[in-house]
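Structure first, then comments.
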């Protein structure tokens, strides 16, 4: 089984990185590959629609390797902070650039390899709608890949970097969900 973890935060060692670490703690290192969008050379989508005619992006950058990894993965887990009720810019750039996969799937009828996905999200505020934008974006991101969204875990009120480490209940819940995810089950 190949698991792809996506670290959505541009900052290393923060709350969302800790969530991903806990979630994948029972996976073996040979099973897991981690993508960090903020450390990749990714241009923004130009909206040129080239992909809608070809199924491929006109831009040549690290996204070629990202697409390969997304397609090869059996499981995808995203861990991200919430920035203004959405994704951080570097991660959103990656999401926008999967448009060629959407085109392959919905315009060209290509069958994508089956996979399942899960979302871990953490935000500083306690707003009722805090995760709504992130969930919608990730659901459509997964859909473009033919990835079934199996749900997520959401944590409010963690503003200080690394403060989630003090939440033992959070750790237990994330690790338990990770075990189910590795088996392909929904908790």
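Multiplying the residue separation of residue 34 and residue 166 by 0.36 nm and subtracting their alpha-carbon distance yields 45.1 nm. As a proxy for reagent exposure, ranking 28, 36 by other Cβ atoms within 10 Å from fewest up yields 28, 36.
With neighbour counts taken as other beta-carbon atoms within 10 Å, the residues 147, 57, 48, 170 rank, fewest first, as 48, 170, 57, 147. Using a cutoff of 8 angstrom between alpha carbon atoms and counting only pairs six or more residues apart, the relative contact order for the chain works out to 28 percent. Take the chain, connect every pair of alpha-carbon atoms lying under 10 Å apart with a spring to form a Gaussian network, then pick out the residue of 86, 162, 127 with the largest mean-square fluctuation. In this elastic network of the chain, the residue with the biggest mean-square fluctuation among 86, 162, 127 is 127. If you build a Gaussian network model of the chain, linking Cα atoms that sit under 10 Å apart, which residue out of 52, 128, 72 swings the most? Of 52, 128, 72, the most mobile in the Gaussian network model is 128. Label sites at residue 156 and residue 52, each approximated as a point 7 angstrom past Cα along Cα to Cβ, lie 3.8 nm apart. Taking a point 7 Å out from the Cα of residue 71 in the direction of its Cβ, the residues of segment 120-162 whose backbone N falls within less than 19 Å of it are 141-148. Largest mean-square fluctuation among 43, 129, 18, in a Gaussian network model of the chain whose springs join Cα atoms under 10 Å apart, belongs to 129. Checking (1) 50, 33, 28; (2) 54, 42, 30; (3) 54, 37, 31 against the coordinates, the calculated Cα extents along the principal axes in Å falls under label (1). Residues 101, 145, 40, arranged from fewest to most other Cβ atoms within 10 angstrom of their Cβ, appear as 40, 145, 101. Once both labels are positioned 7 Å from their Cα atoms along Cα-to-Cβ, the gap between residue 183 and residue 44 label points is 4.5 nm.
For the chain, the share of DSSP beta bridges that are antiparallel, to the nearest 5, is 5%. Does segment 61-123 classify as rounded, prolate or oblate by the C-alpha gyration tensor (a ≥ b ≥ c root eigenvalues; a/c under 1.5 gives rounded; else a/b over b/c gives prolate, otherwise oblate)? Note, shape of segment 61-123 comes out prolate. Taking the centroid of alpha carbons for each part, segment 100-133 and segment 1-63 are 12 Å apart.
Helix-only arithmetic for the chain: the sum of -39500 (n - 2.57) across DSSP H runs with n ≥ 4, divided by the residue total, places the mean residue ellipticity at 222 nm at -11000 deg cm²/dmol.
The slack in the chain from residue 62 to residue 132, taken as 0.36 nm per residue of separation less the alpha-carbon distance, amounts to 22.3 nm. Summed over all non-identical Cα pairs, the Kirkwood treatment of segment 89-185 gives a radius of 15.2 Å.
The numbers here are math on the coordinates, done by the rules we state, and not lab data. What you are looking at is a predicted structure, and each value in this text was computed from that prediction instead of being measured. Virtual Cβ from ideal backbone geometry, glycine too; neighbours counted across all protein chains shown.
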